[in-house]
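One structure is given below, encoded as structure tokens.
Just so you know, all these numbers are worked out from the coordinates, no wet-lab data involved. Fair warning: this is a prediction, and the values are worked out from it, not measured in the lab. Please note: Cβ atoms are built from the backbone with ideal geometry, for glycine as well, and neighbour counts cover all protein chains shown.
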Amino acid sequence: MPLRRSFRRRLHLSFCGASVSRLPPVSLNVYPYECDAYGHLNEAAYLQLFERARWEILARGPGMQLFRAQGVWPAVRRATVDYHLPVFPGDQLEVDLQLEKLGRTSMQFRQRAVRKSDGMLVAEAHLVFVTIDASGNPTPVPDGVADLFATRVSTHSGEVIRYNVGAVTLGADVRGDGPAVLLIHGFPLDRTIWKHQVATLAGWRRIAPDLRGMGSSDVPEAGYSMAAYADDLARLLDQLRIQRAVVAGLSLGGYIAFEMMRRHRERVAGLILCDTKADADSESGRAGRDEMIALAKSAGAEAVADRMVPKLLGRSTHQAQPQLVAEVRELIAKTPVPGIVGALEAMRDRADSTPLLASIRVPTLVVTGQEDEMTPAAGARAMAQAIPSAASTVIPGAGHIPCLEASTATSRVFAEFLEAVRES
């Protein structure tokens, strides 16, 4: 039965998120008085030029009174300029303003100056601002300011914005407008496994974070659990001003999706469970986790990659996509060991989610790679049958990571399901 037909039923869903703010770049002319004795911009002049650009961007967007209206002021705490090419009087530069990290009381920005005549990047500025009150004391970034900057989408493929979610800072790729879909990667991978889905699921706000300990996110030595992962992601949604999202999780990401149903059920508007399972680890499974922990500690991430890659990817992928096999091996090999160990401990100790299945009332799709030996299709079908009104599908020619191994087919299945959710 087509997925869309399966979900054409009476169901009330609400997707809430702030409108996405895009602050366009501005064009600035370089004047002779800004240049030094050698006839080009120096560091002091560049800082003034970048400051002029920031105020121009605000003036053309929310207005120059943005901060005063919120009762705060952005105080510069650190500013550095990286020079790439000389700039001379008469040059016209396009300067942007991009958020890199949002903290409780601070914002970290990057500005890029591109010469319009040849499209060359001439300089970059990295700046840290602290919001202060009338007494000069640090104060939390107001919602009105955070809404403007923190909800900005990634503008370049693979661009990462970092968000302070409490105990850690998470890197995330955020694209598009519309209802939100949160894409949670598996172990020991990162957000890039979703690159095709992030690029193609038009009409949705695609959020692909790196979990703590992996990718571009912080790597604490301890503090890993399904609860910690789920709370991190709920706080990320808070930072993005998103109340509800369809949550898609692959493998470990599926375990986290179940934990979000336990701890943050009101935030979950739908579920996509990819190559995952509801039951807890068996005794032999727990022993296997402990063995992998010992391997990671003694031999590092490359040894973990050697052990896992043959199982993660399907037979067809190993035969026909050697480049992808190498990419996955490299991705695992660069994962920090504390992140690997922490995730293994969290998976080993996770709760059994089987009793949770019957209580799931949001639209759910269960996806499995046909050649996945780690979570076979039979188990996925049984899980789907235990969830009221869930649908299931199998991706041909894929193993445990169908979003990479058969990216087009997986994106098509996701898009059909999401459209059915939107229409329901």
Given backbone amide H placed at 1.01 Å from N, residues whose amide H is under 5 Å from that of residue 165, ignoring those fewer than 5 places away on the same chain, are 170
In degrees, nearest 10, the alpha-carbon axis of helix 322-333 is tilted away from the dominant principal axis of the alpha carbons of the chain by 80
Listed residues 215, 171, 203; largest mean-square fluctuation, Gaussian network over the chain with Cα springs below 10 Å, found at 203
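When the Kirkwood hydrodynamic radius is evaluated over all pairs of different C-alpha atoms of region 237-305, what value in angstrom, to one decimal, is obtained? Each step should come with its number before you reach the end.
Numbers: mean 1/r = 0.0709 Å⁻¹.
Final number for the Kirkwood radius of region 237-305 is 14.1 Å.
What does the helix-only formula give at 222 nm for the chain: each DSSP H stretch with n ≥ 4 adding -39500 (n - 2.57), the total divided by the residues, and the result rounded to the nearest 500 deg cm²/dmol?
On the way: 15 runs with 156 residues, N = 424.
That comes out to -11000 deg cm²/dmol.
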Placing +1 on each Lys and Arg Cβ and -1 on each Asp and Glu Cβ in the chain, then taking the dipole about the Cα centre, the residue among 366, 211, 126 whose Cα reaches farthest towards the positive end is 366
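Take the residue pairs 101/334; 101/277; 101/297; 195/311; 116/195 and return only those whose Cα atoms are more than 28 Å apart.
Values: 101/334 23 Å; 101/277 34 Å; 101/297 31 Å; 195/311 22 Å; 116/195 30 Å.
From the list (101/334; 101/277; 101/297; 195/311; 116/195), the Cα-Cα distance tops 28 Å for 101/277; 101/297; 116/195.
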Expected max-MSF residue from 146, 44, 208 in the GNM of the chain (alpha carbon, under 10 Å) is 44
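Hey, fewest Cβ within 10 Å first, where do 317, 354, 139 land in order? Write out the running numbers ahead of the final one.
Values: 317 25, 354 15, 139 18.
Ascending number of Cβ neighbours within 10 Å: 354, 139, 317.
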As a percent rounded to 5, the proportion of antiparallel DSSP bridges among beta bridges in the chain is 60
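Using Stokes-Einstein with the Kirkwood hydrodynamic radius over Cα pairs, what translational diffusion coefficient do you get for region 142-284 at 37 °C and a viscosity of 0.692 mPa s, in µm²/s rounded to a whole number? Write out the running numbers ahead of the final one.
On the way: Rh = 15.1 Å.
For the chosen part, D equals 217 µm²/s.
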Rounded to the nearest 10, the angle in degrees between the Cα long axis of helix 301-312 and the longest principal axis of the Cα atoms of the chain comes to 50
Eigenvalues of the alpha-carbon gyration tensor of region 343-423, times 5 and square-rooted, give semi-axes in Å, largest first, of 21, 19, 12
Treating only Lys and Arg (+1) and Asp and Glu (-1) as charged, each at its beta carbon, one finds that the chain has a dipole about its Cα centre, in Debye to the nearest 20, of 1360
Here the percent of antiparallel bridges among DSSP beta bridges lying wholly in region 93-201, to the nearest 5, is 90
For the chain, the charge dipole (Cβ of Lys, Arg +1; Cβ of Asp, Glu -1; about the Cα centre) points to a positive end, and the Cα of 93, 105, 300 closest to that extreme belongs to 105
Taking every alpha carbon pair in the chain and sorting the distances into 20 angstrom bins from 0 up to the bin holding the longest one, the percent per bin comes out as 25, 50, 23, 2
Rounded to the nearest 10, the angle in degrees between the Cα long axis of helix 377-386 and the longest principal axis of the Cα atoms of the chain comes to 90
Listed by chain and number, the residues whose amide H is under 5 Å from that of residue 401, excluding neighbours fewer than 5 places away on the same chain and using placed H, are 314
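Where does region 167-240 land on the Kirkwood hydrodynamic radius, alpha-carbon pairs, in angstrom?
Working: mean 1/r = 0.0795 Å⁻¹.
Hydrodynamic radius (Kirkwood, Cα pairs) of region 167-240 is 12.6 Å.
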Interchain or sequence-distant (5+) residues whose placed amide H lies within less than 5 Å of the amide H of residue 369 are 275, 395
Note on region 21-150: C-alpha Rg/Rh, Kirkwood Rh, two decimals, gives 0.99
The residues 214, 261, 374, 383, sorted from fewest to most surrounding Cβ atoms within 10 Å, come out as 374, 261, 383, 214
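Whole number please: convex hull volume per residue of the Cα set in region 94-212, in Å³?
Numbers: hull volume 16.4 nm³, N = 119.
Roughly 138 Å³ of hull volume per residue.
If you average 1/r over every pair of different alpha-carbon atoms in region 267-319 and take one over that average, what Kirkwood value in Å do you get?
On the way: mean 1/r = 0.0728 Å⁻¹.
Averaging 1/r across every pair of different Cα atoms and inverting gives 13.7 Å.
Based on other C-beta atoms within 10 Å, arrange 347, 64 from fewest to most. Mind dumping the intermediate values first?
Working: 347 21, 64 15.
Result, fewest neighbours first: 64, 347.
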